[in-house]
Amino acid sequence: MSASARSGQDDRPLLLVPRRVPKAWGEELWLNSTWGDSPAGVAGGGTLAQVLRRQPRLLGAWSRRLFGDGLPVFAKILRTDFPPLAHIGFNSLVRPQEFLGWLCREVALLSALRRSLRTPDERAFRRFTKAYGDWAAERALDGWQAAPERDRKFTAALGRFSKLERRELLQLCEDLRRNRQRIVGVLNLVDLRRESGNLLMIKAGLIHALFGLSLQFHPQDATLVALQDFILSTRGRSRAAQKLRLARQRQEGAFAPKSEVWMPLPFERQLRLAEVQQSSDCTFSVADFFTPFIWDRGARFRKGHPVLGTSDASFRRLLGVLDFSITSLASIRCRPQPSEPGPQAKSCRLWRLLDRPAVWPFFTVQVLDLAGTAAATARWVAPLAPAFQHVIVLSGKARIEYPGGTRRLSAKAPAFVPARPTADWAISAGEPASLLLVSVPGPR
């Protein structure tokens, strides 16, 4: 086989086998993971991580110059059993020391609750967890407003799992409620149903929490400014490349950075969203109102020290990199903007959601809508690109066409398309379909 023929085979799109990751609150479908614990498979055998280790050139020279030889973007579909609500950023100025006090008090109150528990086995612990989780979810929906009657019902149900007297247990629940009301009172509450079709930029350092999950943020990227300079540089590219290399060296040994975007998807009364992020799973959790404990031969904290929870000193270190500025929803929202689909496009529309390297140099996101029917196939021909593309089906089914073959795409069968300097590829559908196209910002 000639070298050119081998290259053509190597450049074919890879149909991926996502990894389903069950969670206590729902599930995540990891679409293109290259992580060791749950790597995405490749149809026909092996994993995407193995393919890219053998052939990093499939990422494209441009992506490798920006991010090295690793896949810089990770995508997943997330589903929870909770209402589609989220806290995102602060709605008012908060003194870090005051916020620290609330977080420390949360741990102290939960520690008192844990010490009082009377759960001799895992079965009893699960019953306690169910009673506690139902109470927390109900109270959170009301913004942790006072409702003494509901608390009395909860403490009555909780009484058999606690050594505390009813009056003491009721006071502990009231203290937890009041402290959590303070915390969520300074955070933006977002109804994600109203953001269907938009992208929300959750930058590193921005505090956030999907309803039912922990309050958290992610490590910041030390290469941010250098990435922006390199992508936007039209002259002095070599100097920008040197700055990027130095920034990357400074990042080594630090926590892996993670900025992400959320795209809420219609899914009745529960939450379903597509999440695209820097390829990192590093998260700093600062409060878990809903599932603070796990069973490990006894009730233990899920985060921090198993008996004591997160320490005051740990909170101080974390809050040093937390973004305490006020966040407006308009500043993090990306609405779809129509984009030219190209002269060969048929019955399709292309939308640009995120391609703003001056603000977000990590990845780009587009949506492709195909209005195919049994009688008229919709088709979009991809332009040549200096980097890989990740193709995710949000609804419907489609086909990816390339020189020498086609492959079927679905919500559970995404594709990784290598950087293609010479050959085109296309997406077609004989039914309505919507797809997400993810890559890295091209040179400006």
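What the table below lists for this structure:
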quantity: Given (1) of a type in the set (A, V, I, L, M, F, W, C); (2) in contact (Cβ under 8 Å) with a residue 24 or more places away in the chain; (3) surrounded by fewer than 16 Cβ atoms within 10 Å (Cβ to Cβ), index of the condition A108 fails; calculated: (2)
quantity: The lone exception for A146 - which of (1) within 30 Å of L354 (Cβ to Cβ); (2) assigned by TED's automatic domain parsing to the domain that holds A108; (3) small (G, A, S) it fails; calculated: (1)
quantity: Residue within the stretch 287-297 that is over 26 Å from T34 (Cβ atoms), hydrophobic (A, V, I, L, M, F, W, C) and free of Cβ contacts under 8 Å to residues at least 12 places away in the same chain present; calculated: yes
quantity: Filtered residues of the stretch 237-292 (kept if under 30 Å from F315 (Cβ atoms), out of contact with any helix residue (DSSP H, G or I) (no Cβ under 6 Å at 6 or more places or on another chain) and in a strand (DSSP E or B)); calculated: E260, V261, W262, L271, L273, E275, V276, Q277, Q278, S285
quantity: Any pair with Cβ under 6 angstrom, 6 or more apart, that starts in the stretch 204-217 at a residue that is under 16 Å from R79 (Cβ atoms) and ends at one that is surrounded by fewer than 23 Cβ atoms within 10 Å (Cβ to Cβ); calculated: F211/F82; F211/P83; F211/L85; G212/W25; G212/T80; G212/F82; G212/F290
quantity: Filtered residues of the stretch 172-203 (kept if among the basic types (K, R), in contact (Cβ under 8 Å) with a residue 12 or more places away in the chain and under 30 Å from R356 (Cα atoms)); calculated: R193, K203
quantity: Some residue of the stretch 97-114 being in a loop (DSSP other than H, G, I, E, B) and within 25 Å of A204 (Cα to Cα); calculated: no
quantity: Residue that is within 17 Å of the chain's Cα centre (by Cα) and of a type in the set (G, A, S), where the choices are A287, A274; calculated: A274
quantity: Count of residues meeting criterion [part of a loop (DSSP other than H, G, I, E, B) and modelled with pLDDT under 95] in the stretch 14-26; calculated: 2
quantity: Filter result for F82 (modelled with pLDDT under 95, closer than 29 Å to Q270 by Cβ and not in a helix (DSSP H, G or I)); calculated: yes
quantity: L409 vs. criteria aliphatic (A, V, I, L, M), within 20 Å of S196 (Cβ to Cβ) and surrounded by 13 or more Cβ atoms within 10 Å (Cβ to Cβ); calculated: no
quantity: Count of the stretch 293-307 residues which are more than 27 Å from K203 (Cα to Cα), in contact with a Phe, Trp or Tyr (Cβ under 9 Å, 6 or more places away or on another chain) and part of a loop (DSSP other than H, G, I, E, B); calculated: 2
quantity: Enumeration of residues in the stretch 7-37 that are under 17 Å from H390 (Cβ atoms), of a type outside the set (D, E, K, R) and not assigned by TED's automatic domain parsing to the domain that holds S410; calculated: L29, W30, L31, N32, S33, T34, W35
quantity: Residue pairs meeting the criteria (Cβ under 9 Å; at least 6 apart or on separate chains; first without any contact (Cβ under 8 Å) to a residue 40 or more places away in the chain, in the stretch 245-258; second surrounded by 17 or more Cβ atoms within 10 Å (Cβ to Cβ) and of a type in the set (V, I, T)); calculated: A247/T223; R250/T223; Q251/T223
quantity: Cross-chain or 6+ apart pairs with Cβ under 8 Å, the stretch 160-171 first and without any contact (Cβ under 8 Å) to a residue 60 or more places away in the chain, then of a type outside the set (A, V, I, L, M) and outside any helix (DSSP H, G or I); calculated: R160/R118; F161/R118; F161/T119; S162/R118; K163/R118; L169/S162
quantity: Scope the stretch 27-74; condition surrounded by 17 or more Cβ atoms within 10 Å (Cβ to Cβ), part of a loop (DSSP other than H, G, I, E, B) and not polar (S, T, N, Q); matching residues; calculated: L31, P39, A40, G60, L71, P72
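The values are calculated or read from the model by the stated rules, or taken from the named source; none is laboratory data. Just so it is clear, the model here is predicted, and its values are computed rather than measured. Ideal geometry is used to build each Cβ from the backbone, glycine not excepted, and the neighbour counts take in all protein chains shown.
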